[in-house]
Each structure stands twice: as structure tokens, then as C-alpha cells.
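Peer 1: Could you have a look at this structure, given as C-alpha cells, before my questions?
Throughout, read-outs are computed from the coordinates displayed, never taken from laboratory work. Keep in mind the model is a prediction, meaning the values are calculated, not measured. Methodologically, a virtual Cβ is constructed for each residue, glycine included, from the backbone with ideal geometry; neighbour enumeration extends over all protein chains shown.
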Amino acid sequence: MATNSCDGDAKIGTAKGNVNKRVLLLGCLLYYCVATLPFIGRYKTWDSAEMMIAAPAYQFATTGKYASEMYQGFFNSEQHNYDHMPLYALPLAAGWRLFGANSLLLPRLLSFSYGLIGLALLYRLGSQLYDASIGLIAAAVLAGLKLGAVSGTSGIPQVDIGRITRFDILIPVWTLSACLVFLHARKTERWHTYVAVGVLGGLATLTHVYGAFVLVIAGLLLLWDKKPLPILYISFGWLLALTPYFLYIAQDIRAYQGQMLRHAERLGFLNLAFYQRNITEEQYRFLAWFGGSYESPILWPRIGIWVFFVGILLANIVLLHRMCTSPTFADRFTWLALPAVWLPLILLITLKRYYYVTLLMPFFALQIAVAAVWLWREQQRLRWLWSLIAALLVFESVLGVAQNVRAAAQATPYETVAAEIRAALPTASRVMAMPIFWYALRDRDFLSLDLAFVKSAERFHYTPQPTAYDVIGDYAPDYLLIAQGMLNQDPTTFPRAELAQQWADIKRYLATRCAAPVVVSESADYGILLLAHCNL
């Protein structure tokens, strides 16, 4: 049979187009690598949460217990850790077990790899819903769209969060996988495939509780299609994935309840004021996501932030119009997915930190890709303008990456600070310090200074109620390690009177129970670190 030459040319053109898009996807992934990998082990440790997350993984690798010795005495934390969900810790613990915990490089390489997998999964999701063009643009937006403008960062969430030891970057691996399996389940209508969607949602939940929001997407789409039965299969899969964690909680329910008091202000689900506060204060908590702050506006004269907001607005207009005229499942999914995960985040999460944007960024990127492809195909006379905007976005992104790499290259290596601290401390001594220095002293008798705050806080209902001074005295550390900047804080700037009093008690302990602090390390990144010998 003769082959139609036009059909043959079309197939060849399609094949070439697919090859070109795969090459562009490879370029997108390489860009993420170049933006994230340089000096990744040297990149400044942002906050104490990195160490609070890493410590239980280290203890699991070395002792087989998912616990945190630096919080010993706090609701049995030295035996069971309930402060963070466990799934991020398991591969980290396995890596440390196999290769040793000799630097911060391994956990950061794991975060980088999760970010890379997330990009590939988003490309796949966009391609499954629409075509390779949508998938490619969505992945490019996720990998390179610069939103923030904080000094020392790239402003690209996927890059900034892919360089640190936090669980947030792992969540899109589970949520995007759940979305892809849901697309497959919808085609096959096999019950076990829906169960798999629930299991993946459960794995997202075991990484962080807000990972469960991805199942809202599947639930709403199934209700839209008037298919409630698969929701039961998904729920079963979710519970199946969480069952081992429920059994872990059952080992020490009182410890779980006590440790959760630390997050009491985030768990007011039976109080209407809780939801009202989350909504009314949202504008302030979301500022950090988009490069703003309490003092500065969001919409700075930067091309990325404008493309972000205009792209989301245009995408919703296009999607709603198409859903009214020629509805498709892809448009319904893309339009619904973003609010399905964003609204629960608005209502249920009190503190919306910069890291949490990783849950939403894939769905932001997918909508922006829809808007970009629509403009390119429907407004062809303005393609020169769209090309110019794309070039400006790339230029802005490259500048952000260059700033990020330069800041990392100039950063003081954590190992340098750690060596100075270790040299100043006798091996057998007990030290109480900020959690950020746990890794430096992970093989020593290390206690978190947070104990002074959590065990003297009213919400933990200790009887009698100790002061921060009393708590430190009970642990009787040989040394206190504190950043000078924290001791010099203005008491009038504290958000709560209780916090101001706690710091006053710590200073009183230093003044009455310790020798004069001496400087053990000084750097631009970690400040002036003071070490005081106590209980002489």
C-alpha cells in the first residue's frame, strides 16, 4: 500500500518536534543542575529546622531509633520523634548509614535529586494532559522562573529549596506521581490503581501533612464526574500508607500528644477564629513566597513576578472559557488542581513559610504553561513580543542563579565553623546550644537550647511551671553556646512577653552560673559565636 507523502512528512515533522522537545527538556534539567549543584555543600545553613529534621535521621542511622537526643527529656523525644513526619528521614538515614555522615553534602544532594525528579514528573504530567509543549514550558517555569529577590538566594523556589536539608522538595515527587497515576486510573477504572493514588498521597502526607492536599484534587474531579466509589479506594490507599505511622504513634501516645503541643497554635481546627486568622493574615505570610516582606511591596519591577501573576490570571480566563465552550478533562484538571491544594493550605496552615510554595509551584507552572502556549498559538502576530519576554525571563533567571552561586562560593563553610567549635570544647563535656550547631557536635552530649523555651512555655502545662533559668539548671550543661546577635536582641521587638522573659532568664543564667563568654568563631554567615563555661 502506498504511503501518503503528506502523512509521512507530518509524521517526520512530529518525530523531529518530539526529539527537539526532549533536547529542550534535557537543557532544562541541565540548567537546574547548573543552578543548584555548585557549592551545594557550602551553601549557608538557613535555620535550625534543617538540623531538627536531620538529627532524627542521623539517630535512626546510628542507633535504629527515629528519635532526637538533643531534645531529651521533652516528652520522650530521645525515644520517639513526632515533631516531623518520618519519610524524608529514611533515605537520608540510609545514605548516612552507607556512606557516613561526614558532611552536609549527602542530604543536600538528596534534596537536589528530588527537585530533579519533580521537574521530570511535571514534564510528564503536562505532556499527558496536553502535549510536550505544555510539559516543557511547565518544567522550564518550575526550574527557572525567578520570583524572589532576597539577597544570597536565586529567587527560584525549586533551586533555593533544592539546596537545603528540608522535606518540602520531596513532596512534589509524591504529589505529581499521584496525579499521573490518577490520570491512568481514570482511563482504566481499575480499583487497585485508585488505591495506588491513595498510597502516593499517603507518602506525601508522611513527608509533611500538607502533602495530603493532593488527594483533594482527585476527590473533587471524581465528584465532578459523579464517581464517588473510587474516593473510597483512594481513602483506603491513604490509610494503608499511614498505618505504619499510626502504629509508631501508638507506641507512645502521650509523647505524641505532648510533642504536638509545640504546634498547638497550628492545630485550632475546632475554633472558627483559627480559620479567620489564617485567611486575614495570609497576605503577610505569602509575601516571602514572591519576594516581598513586611517593609517592601511584592510587585517590584521584575519581569518574573509580573509574568507569574499575569500568567495565572490569563490561564484561568482561558481555561474557564474553554470549559464553557469545549470542555476537556485536561482543562478541568489544570483549572481545579491549583485551588484544590491552595485553599486547604490557606485555611489549615497557620505559618505559610517560603518552603511550602513547593506544594503549589508545579500547579502554578502548569497554568502559566497553558497561558504561554495559548498566547503563542492564538496571538501569532505578537510572537516577537512573547519571544522578547521569554528572553528577559531567561536573563533575569541567569542573573539570579549567578547571585546564588556567588553567595554560596563566598559563604563560610559550615565545617569550618564546626571545627572551631569542636576545638574549643572538651570531648566529654555537655553543651547546650542552638539547634543549628547540632551537626557540628552530633557525636557529643548535645542539647538544644530550644529546651529552655519549650519546657518553660505555658502551653506545655508543666506543673510547677519552670522558668527558662530553671530548665537550663535542670540539664546542668557544662557549656552554653549562643550567637552574640541573639543575646543583643531588643526585648521590645519580641512578639510575645513570654519570649522576652525567657531570653531574660537565659541571660540571667549566663550572668550568674557561667564564666564570661568567649568568642569561639566569627563569620559573616554565622555571626559571632560565644561559648560560656558554666557550673564551675
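Peer 1: Can you give the extra length, in nm with one decimal, that the chain gains between Gln257 and Asn20 once fully stretched, where that is 0.36 nm per residue apart less the Cα-Cα distance?
Peer 2: Residue separation times 0.36 nm, minus the Cα-Cα distance, leaves 79.9 nm.
Peer 1: Quick query: amide H of Asp445 versus all other amide H atoms, modeled in the peptide plane; which residues come in under 5 Å with a sequence gap of 5 or more or a different chain?
Peer 2: Val431
Peer 1: Regarding the range 351-444, what is the average projected area of its C-alpha convex hull, in nm²?
Peer 2: Result: a mean projected hull area of 9.7 nm².
Peer 1: I need the per residue convex hull volume for the range 171-263, using only the alpha carbons, in cubic angstrom as a whole number.
Peer 2: Once divided by residue count, the hull of the range 171-263 is 92 Å³.
Peer 1: Follow-up question, since we're still on this one. If you count, for each residue, the other Cβ atoms within 10 Å and average over each peptide, how do 217-227, 124-134, 57-67 line up from highest to lowest?
Peer 2: Taking the mean over residues of other Cβ atoms within 10 Å, the ranking is 124-134, 57-67, 217-227.
Peer 1: Lys187: which lysines have alpha carbons under 22 Å from its alpha carbon, excluding same-chain residues fewer than 8 sequence positions away?
Peer 2: Output for Lys187: Lys226, Lys227.
Peer 1: Please report how far the C-alpha centroid of the range 504-524 lies from that of the range 426-502, rounded to the nearest whole angstrom.
Peer 2: So the two Cα centres are separated by 12 Å.
Peer 1: Moving on. Can you tell me what share of the DSSP beta bridges in the range 414-533 is antiparallel? A percent to the nearest 5 is fine.
Peer 2: Bridges in the range 414-533 that DSSP calls antiparallel: roughly 60 percent.
Peer 1: Sticking with this one: May I ask you to list the lysines whose Cα is less than 27 Å away from that of Lys455, ignoring any residue fewer than eight positions away on the same chain?
Peer 2: Excluding near neighbours in sequence, the set is Lys65, Lys352, Lys507.
Peer 1: Summing Lys, Arg as +1 and Asp, Glu as -1, what charge do residues with Cβ under 15 Å from the Cβ of Asn404 carry, Asn404 excluded?
Peer 2: So the surrounding residues net to +3.
Peer 1: A further question follows. Tell me which of Ile436, Ala532, Val520 sits at the most positive position along the dipole axis of the range 414-533, charges placed on C-beta atoms (Lys, Arg +1; Asp, Glu -1).
Peer 2: In the range 414-533, that residue is Ala532.
Peer 1: Further question: With a sphere of radius 11 Å drawn around the Cβ of Thr467, what net charge do the other residues whose Cβ falls strictly inside it have (Lys, Arg +1; Asp, Glu -1)?
Peer 2: Computed value for this residue: -2.
Peer 1: Using 1/(1 + (r/R0)^6) with R0 = 35 angstrom and r between the beta carbons of Leu385 and Leu29, what's the FRET efficiency to the nearest 0.05?
Peer 2: 0.80
Peer 1: For Gln489 and Met323, what is the calculated FRET efficiency with R₀ set at 56 Å and r taken between the beta-carbons, to the nearest 0.05?
Peer 2: FRET efficiency, Gln489 to Met323: 0.60.
Peer 1: Please quote Rg/Rh for the chain to two decimal places, taking the Kirkwood radius as Rh and restricting both calculations to Cα atoms.
Peer 2: 1.00
Peer 1: Helix 383-410 against the longest principal axis of the chain: what's the angle in degrees, Cα atoms only, rounded to the nearest 10?
Peer 2: In the chain, helix 383-410 runs at an angle near 20 degrees to the longest axis.
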